[in-house]
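**Student:** Below is the structure I would like to discuss, written out as structure tokens.
Each value in this text was obtained by applying a stated rule to the coordinates, not by laboratory testing. This is a predicted model, so every value here is computed, not measured. Because the Cβ atoms are built from the backbone with ideal geometry, glycine has one as well, and the counts that use them run over all protein chains shown.
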């Protein structure tokens with residue numbers, strides 16, 4: 001299993017040798033450092049914990065400082081493995097394990113859009129624009145209240161509320177290009193999140 005952490009840079013386009021253009025998302029990925037190795041014998045499952053990025057030592061509590069052996073990583077993430085991991089604590093993992101054409105799964109936090117109405121959040125069509133209706137273009141309409149809802153708003157009702165900021169996983173994305181010398185990987189299509197968002201890439 002291949003895995004790495006990175007941050008989203010921007011979207012751009014790449015031309016291949018046939019002259020075809022590919023819309024891609026550029027990521028600044030790796031190198032990551034193995035901070036803990038978990039096995040079935042010691043932890044009940046197989047996994048590798050890695051650290052990525054840097055942050056000030058004053059922002060790391062004592063428990064994490066002891067765990068990281070004075071490492072100053074901004075992000076810690078864990079990747080489960082099928083068999084017992086072959087990595088050791090302190091090993092470095094870079095983009096050399098990835099190649100053009102690889103299919104990867106990408107996970108990251110989507111853009112937060114704040115409090116939004118039903119039209120933007122769920123695609124409601126809004127109210128009618130004629131026959132005496134006024135200022136109802138973006139209203140949600142009836143919220144129920146009768147029948148099986150029992151005179152209340154049922155749980156899970158699609159209404160206005162906080163939108164975005166969710167963990168999104170996109171599967172089956174294709175790696176178009178890899179530049180290990182600059183720690184850049186280009187993935188076809190869009191990757192969730194804003195610029196600077198932490199992105200988990202699994203092969």
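**Student:** Along the Cα→Cβ direction, 7 angstrom out, place labels at residue 96 and residue 28. What is the inter-label distance in nm?
**Tutor:** Simple spin-label model gives 2.2 nm for this pair.
**Student:** OK, next. Report the calculated FRET efficiency for residue 188 and residue 139 (r = Cβ-Cβ distance, R0 = 45 Å), to the nearest 0.05.
**Tutor:** 0.70
**Student:** Quick one: compute the contact order of the stretch 1-64, relative version, from alpha carbon pairs under 8 angstrom and 6+ residues apart, as a percent.
**Tutor:** Dividing the mean separation by the residue count of the stretch 1-64 yields 25 percent.
**Student:** Could you please state, rounded to a whole Å, how far the C-alpha centre of the stretch 174-203 is from the C-alpha centre of the stretch 26-84?
**Tutor:** 20
**Student:** Given springs between every Cα pair under 10 Å in a Gaussian network model of the chain, which of 27, 64, 143 has the largest fluctuation?
**Tutor:** Ranking 27, 64, 143 by mean-square fluctuation puts 143 first.
**Student:** How big is the stretch 10-90 by Rg and Dmax over its Cα atoms, in Å?
**Tutor:** Values for the stretch 10-90 (Cα only, Rg and Dmax): 17.7, 54 Å.
**Student:** Over the stretch 116-161, what is the relative contact order in whole percent, taking alpha-carbon pairs under 8 Å and six or more residues apart?
**Tutor:** Numbers: 51 pairs, mean separation 18.6, N = 46.
40 percent.
**Student:** When you take every Cα atom in the stretch 100-203, what is the radius of gyration, and what is Dmax, the widest Cα pair distance, in Å?
**Tutor:** For the stretch 100-203, the Cα radius of gyration and maximum Cα-Cα distance read 20.7, 65 Å.
**Student:** Which value in deg cm²/dmol, rounded to the nearest 500, describes the helix-derived mean residue ellipticity at 222 nm for the chain, given -39,500 (n - 2.57) per DSSP H run of n ≥ 4 and division by the residue count? Provide the component values of the computation, followed by the final result.
**Tutor:** Details: 3 runs with 16 residues, N = 203.
The per-residue figure over the chain is -1500 deg cm²/dmol.
**Student:** In whole percent, what relative contact order does the chain give with Cα contacts below 8 Å and a gap of six or more residues?
**Tutor:** Details: 434 pairs, mean separation 62.7, N = 203.
Reported as a whole number, the value is 31 percent.
**Student:** Taking the chain as a Gaussian network, where each spring joins two C-alpha atoms under 10 Å apart, which residue of 93, 187, 14 fluctuates the most?
**Tutor:** Largest GNM mean-square fluctuation: 14.
**Student:** What area, in nm² and to one decimal, does the C-alpha convex hull of the stretch 116-161 cast on average over all directions?
**Tutor:** 3.9
**Student:** Right, something else. Which residues in the stretch 1-19 have a backbone N closer than 20 Å to a point placed 7 Å from the Cα of residue 170 along the Cα-to-Cβ line?
**Tutor:** 2-16
**Student:** Further question on the same structure: Please give the direction-averaged projected area of the C-alpha convex hull for the stretch 14-60, in square nanometres with one decimal.
**Tutor:** For the stretch 14-60, averaging the hull's shadow over all directions gives 6.6 nm².
**Student:** Dividing the convex hull volume of the alpha carbon atoms of the chain by its residue count, what do you get in Å³ per residue?
**Tutor:** Numbers: hull volume 45.5 nm³, N = 203.
Given the Cα convex hull of the chain, per-residue volume reads 224 Å³.
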